[in-house]
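In what follows, a structure is listed as structure tokens, so that the remarks can point back to it.
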Amino acid sequence: MKQQDLPVGFSAEPPPGADKPAGSAERRKSPRFGVSASADMLELQTRTRLSGRASDLGAGGCYIDTVTPFPVGTSVVLNLTSEQHTVHAIARVIYAHTGMGMGLAFAEMTPTQKANLSSWLRELGGETPKAEPPSEAAMPFLQEAKIREPIANAKGAGLLDALQELVSLLGSKRVLTEAEVELLRDKMAE
């Protein structure tokens, strides 16, 4: 096409950045990182569920590979999960490509989820993850200590005597077997 054949206001030269998609990195406020995470979404109005794969992730949103994306403007509850990370958020569909996927922008996220996302992004950016203190569930001895703590406190308050009497009564009424009564008495004596 020649310059004179173009409508007024059009140029034969493509505008700068015309070869880049509308959602290119230049428009983003934060970097995106390539990921492979499962994505489960729930559309809020119709309660429609959809699964896909997150292929990139940033502080403002992500891209989900899926054959049947939700329409632009749809709000979804999003759960992103990788081997070591999980992020839950309310997100909005910013753009959709039928047969390919959709771009989501994070709309709402709890402070805990924001921290989870930040940690994930720092790791994707090359930072080594900080060693988190193990959870109480990972330390069974803490659970046992919590169970024994009331018994230790009960000794001084006379509650232990009441508990022993209750165990004896339950044994005499055959609610507890002799073995169960002995086991409970042994535990109270520790």
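No value in this document is a laboratory result; all are computed from the given coordinates. Predicted model only: the values in this text are computed from it and were never measured. Don't worry about glycine lacking a Cβ; one is built from the backbone with ideal geometry, like all the others, and counts go over all protein chains shown.
Tabulated results
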| read-out | value |
| --- | --- |
| Selection within segment 39-59 - surrounded by 14 or more Cβ atoms within 10 Å (Cβ to Cβ) and either outside any strand (DSSP E or B) or polar (S, T, N, Q) (or both) | S55, A59 |
| Residues (in contact with a Leu (Cβ under 9 Å, 6 or more places away or on another chain), of a type outside the set (S, T, N, Q) and assigned to a loop (DSSP other than H, G, I, E, B)) located in segment 60-76 | P69, F70 |
